[in-house]
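A quick write-up on the structure given underneath.
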Amino acid sequence: DYTGKGTSVAVIDAGFDVHHPAFAPAPDGAYLTKDIVIRLMGSERYVSETIPYAWDYAEDDGGVENISSHGTSVGSVVAGVHVGAGDVVQEDGTVLHEASFYGEAPDAQLLLMKAASDGTAKMDPGSVAEAILDALRMDASAIILNTYGLEANEILEEAINQAKMK
């Protein structure tokens, strides 16, 4: 019966498609509002009720577009919702069987944090550390971290230790 209602999950990855249809339905019990995100983070980084926060830590801007589908896939496994409308026939005649799916916590809100420079999937340790600290600041219920190419350093280790104490 767990739906993730009243929780948020930080996903730290190489990028995301915030307009993916799996993120369209609003979660039940969303607690991170636009006003709260602006107050906590100091600038408007709000996308929607499902994604109340999205930021690119490597480029220090709001462009979290993905270079692969990994971050989007992880986010949809956590809180994605897609209700299939039946079979879809493509222009070439290929039939796609569109099914319904629900992430593990469809009512959780997603904090999407890009921590890889544009054009690469390799995670930047300083960007990851900053994202972890911001996830803690927004009281994320869980943090999911892509570790591809991630090399440990003291700043990252300190951020992880702070997360462990939470």
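The values are calculated or read from the model by the stated rules, or taken from the named source; none is laboratory data. What you see is a predicted model, and the numbers here were worked out from it, not measured in a lab. Using ideal geometry, Cβ is built from the backbone for each residue, glycine included, and neighbour counts are taken over all protein chains shown. Surface areas here come from the heavy atoms of the whole protein model, side chains and all, with no ligands, DNA or RNA. Shrake-Rupley method; radii C 1.70, N 1.55, O 1.52, S 1.80 Å.
What length, rounded to one decimal in nm, is gained on full extension from residue 60 through to residue 5, with 0.36 nm per residue of separation minus their alpha-carbon distance? Write down the numbers at each step before the final one.
On the way: separation 55, 0.36 × 55 = 19.80 nm, distance 2.99 nm.
Between residue 60 and residue 5, full extension yields 16.8 nm more.
Quantify, in whole percent, the carbon and sulfur part of the accessible surface of the chain (1.4 Å probe; protein heavy atoms only).
51
Rolling a 1.4 Å sphere over the protein heavy atoms, what is the accessible area per residue of the stretch 24-81, to the nearest Å²?
Ligands and nucleic acids excluded, the figure is 46 Å² per residue.
Compute the FRET efficiency between residue 89 and residue 33 as 1/(1 + (r/R0)^6), taking r as their Cβ-Cβ distance and R0 = 35 Å, and round to the nearest 0.05.
Numbers: r = 41 Å, r/R0 = 1.16.
That gives a FRET efficiency of 0.30.
Using Rg and Dmax of the Cα atoms in Å as the read-out, say which of [x] 16.3, 55; [y] 17.2, 52; [z] 15.6, 47 was calculated from these coordinates.
Given [x] 16.3, 55; [y] 17.2, 52; [z] 15.6, 47, the calculated one carries the label [x].
Which whole-Hz ³J(HN,Hα) couplings does the stretch 62-74 yield from phi under the Karplus relation 6.51 cos²θ - 1.76 cosθ + 1.60, θ = phi - 60°, glycine and proline marked x?
Computed from phi, the couplings for the stretch 62-74 are x, x, 9, 3, 8, 9, 9, 9, 4, x, 5, 4, 4 Hz.
When ligands, DNA and RNA are left out and all protein chains stay put, how many square angstrom of accessible area per residue does the stretch 111-166 have with a 1.4 Å probe? Write down the numbers at each step before the final one.
Details: 3010 Å² over 56 residues.
On a per-residue basis, 54 Å².
Tell me the net charge near residue 41. Cut-off is 14 Å between Cβ atoms, residue 41 excluded, with +1 for each Lys or Arg and -1 for each Asp or Glu.
Net charge in that neighbourhood comes out at -4.
Sorted by packing (mean other beta-carbon atoms within 10 Å per residue), highest first, where do 52-60, 153-161, 35-43 land?
Details: 52-60: 20.7, 153-161: 14.2, 35-43: 12.6.
Taking the mean over residues of other Cβ atoms within 10 Å, the ranking is 52-60, 153-161, 35-43.
What residues have an amide H closer than 5 Å to that of residue 7, excluding those fewer than 5 places away on the same chain, when H is modeled at 1.01 Å from N in the peptide plane?
109
At 1.4 Å probe size, with no ligands or nucleic acids counted, give the accessible surface of residue 147 in Å², nearest ten.
Here the residue's solvent-accessible area equals roughly 90 Å².
Can you work out ³J(HN,Hα) from phi for every residue in the stretch 149-166, in order, using Karplus 6.51 cos²θ - 1.76 cosθ + 1.60 and θ = phi - 60°, giving whole Hz and x for Gly and Pro?
Whole-Hz 3J(HN,Hα) from phi for the stretch 149-166: x, 6, 10, 5, 8, 4, 5, 5, 4, 5, 4, 5, 5, 5, 5, 5, 6, 5.
Compute the Rg to Rh ratio over the stretch 1-77 from the alpha carbon atoms, using the Kirkwood formula for Rh, and round to two decimal places.
0.95
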